[in-house]
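Just so it is clear, none of the values below were taken in a lab; they were calculated from the coordinates. Small disclaimer: the values here were computed from a predicted structure and weren't measured. So basically every Cβ, Gly included, is an ideal-geometry build from the backbone, and we count neighbours across all protein chains shown.
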Amino acid sequence: MAQKKSQHEHVVVPDNAFAHRVRKKTGENVFQCYQCLKCSTGCPMAHAMDILPHQLIKEVQLGLREEVISSRTIWVCASCLTCSVRCPNKIDIARVMDGLRQMAHARKGRLGDELVPLFHETFLRSIRGRGRVYEIGMLMNYKFKTKQLFRDIGLGWRMFRKGKIRLLPSRVKKTKEIKDLFNKFRGV
Ligand code: SF4
Ligand code: SF4
């Protein structure tokens, strides 16, 4: 976004190009947002975000690409769709978040949160191999990568005792079809 300096102030000149790119990728027109805040007030993950959903949409409008793409918000969004159904202008904000995550991933720079994308990646790798997630294998993989071996171990043990985590892996019959699907959508 360009900034022009007058004698007494900075004048912010919005750059529409980023918003148009987001529209092309997601089909969502962020310029319809009039900042009513309904998305942010209903968001269950707002407490963990560095930019609230309505602020993020505003930043997209203004062309603040770097701020948006390197935000934590796009990774902690749980894709619950609450914001999308609350928006009076029918902007599918969850879809915008999805598109922004893809842009952040493709740019290969610093991510606003390293753990969430790593978890996504480990989860998908587990699905790709068996067509079904193997919780213990996936969690061990994730723990080794994050070097946080004992974090949440109490919670893991409680889940195991309640039968929420299986000791042995299982797989679907048509694993090749699952792999083909992954290959088909790789990089989309
Ligand atoms: S989809 Fe994401 S941004 Fe929207 S309400 Fe859910 S967690 Fe919040
Ligand atoms: S609910 Fe829709 S119109 Fe309201 S601030 Fe959020 S994106 Fe903008």
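Taking 0.36 nm per residue of separation and subtracting the Cα-Cα distance, what length does fully extending Leu37 through Lys179 add?
Details: separation 142, 0.36 × 142 = 51.12 nm, distance 4.10 nm.
Length difference between fully extended and current span is 47.0 nm.
Taking Cα pairs under 8 Å and at least six residues apart, what relative contact order does region 115-185 come out at, in percent? Computed over region 115-185, the figure is 40 percent.
Annotation note: chymotrypsin sites (Phe, Trp or Tyr not before Pro) in region 28-99 located in DSSP loop regions with a Cβ neighbour count of at most 11 within 10 Å are Tyr34.
How big is the dipole moment of the chain about its Cα centre under a simple scheme where the beta carbon of each Lys and Arg is +1, that of each Asp and Glu is -1, and everything else is neutral? Debye, nearest 20, please.
Values: 37 positive and 16 negative charges, 246 e Å.
Dipole of the chain, to the nearest 20 debye: 1180 debye.
Taking region 60-82 and a reference point 7 angstrom along Cα→Cβ of Asn29, the backbone N atoms nearer than 16 Å belong to 61. Sequence-ordered 3J(HN,Hα) estimates for region 55-64 from the Karplus curve with 6.51, -1.76 and 1.60 and θ = phi - 60° stand at 5, 4, 4, 4, 5, 5, 4, 7, x, 7 Hz, glycine and proline given as x.
Between Met140 and Ala48, what is 0.36 nm times their sequence separation minus the Cα-Cα distance? Round to one decimal in nm. Each step should come with its number before you reach the end.
Details: separation 92, 0.36 × 92 = 33.12 nm, distance 2.49 nm.
Working it through step by step, the gained length comes to 30.6 nm.
Inter-label distance, Arg130 to Arg151: 2.4 nm, where each label sits 7 Å from its Cα along the C-beta direction.
Taking Cβ separations below 4.7 Å as the criterion for a possible disulfide partner, the isolated cysteines in the chain are Cys33, Cys36, Cys43, Cys77, Cys80, Cys87.
Dividing the convex hull volume of the alpha carbon atoms of the chain by its residue count gives 165 Å³ per residue.
Legend: P(r) of region 2-107 from all alpha carbon pair distances, 5 Å bins from 0, whole percents, reading 2, 14, 24, 25, 18, 9, 5, 3, 1, 0. The simple Förster model, with R0 at 25 Å and r as the Cβ-Cβ distance, assigns Phe160 and His120 a FRET efficiency of 0.65. If you model region 87-170 as an ellipsoid using its alpha carbon gyration tensor, with each semi-axis the square root of five times an eigenvalue, the axes come out at 29, 17, 14 Å, biggest first. The loop-placed trypsin sites (Lys or Arg not before Pro) in region 29-125, going by DSSP, that have at most 12 neighbouring Cβ atoms within 10 Å of their Cβ come out as Lys90, Lys108, Arg110. Cross-link partners of Lys162 among lysines, defined as those whose alpha carbon lies under 30 angstrom from its own and excluding same-chain residues fewer than eight positions apart: Lys143, Lys145, Lys147, Lys173, Lys174.
About the centre of its Cα atoms, region 2-107 shows a dipole size close to 240 debye [charges on the beta carbon of Lys, Arg (+1) and Asp, Glu (-1) only; nearest 20 debye].
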